[in-house]
Amino acid sequence: MGIGGISIWQLLIVLAIIVLLFGTKKLGNLGSDLGSALRGFKDGMKDLDKGLKGDNDDNNFTSALSENKTSSEQTSNTQINSQK
């Protein structure tokens, strides 16, 4: 008996079907994309924690958010201008 009433053989059959449907290349890309997204999220949380620990003022939190918004707006404006 495996996890939740599913045997190991059933899990292996499901895994084999998934590999046949999507292929190992797409599954590898999916894994690396997921890993880089998690790494980026963790780095962002560390940066935010460092900013908040520097000063315990609420203004630092809102300024950090507004700086992030401003940089993303500049990036989107640059992309729009480059498309013209």
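The values are calculated or read from the model by the stated rules, or taken from the named source; none is laboratory data. Because the structure is a prediction, the values reported are computed rather than measured. Because the Cβ atoms are built from the backbone with ideal geometry, glycine has one as well, and the counts that use them run over all protein chains shown. Accessible surface areas use protein heavy atoms only, side chains included; no ligands, DNA or RNA. Shrake-Rupley method; radii C 1.70, N 1.55, O 1.52, S 1.80 Å.
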1.4 Å probe accessible area per residue over region 1-56, in Å²: 90 Å²
Largest-first ordering by accessible area, 1.4 Å probe, given options S32, S7: S32, S7
HN-Hα J in Hz across region 22-27 - Karplus 6.51, -1.76, 1.60, θ = phi - 60°, x for Gly and Pro: 9, x, 6, 5, 5, 5
Label-point separation in nm, L30 to K42, each point 7 Å along Cα→Cβ: 2.2 nm
Spin-label model distance (nm) - I6 vs L52, 7 Å beyond Cα toward Cβ: 3.5 nm
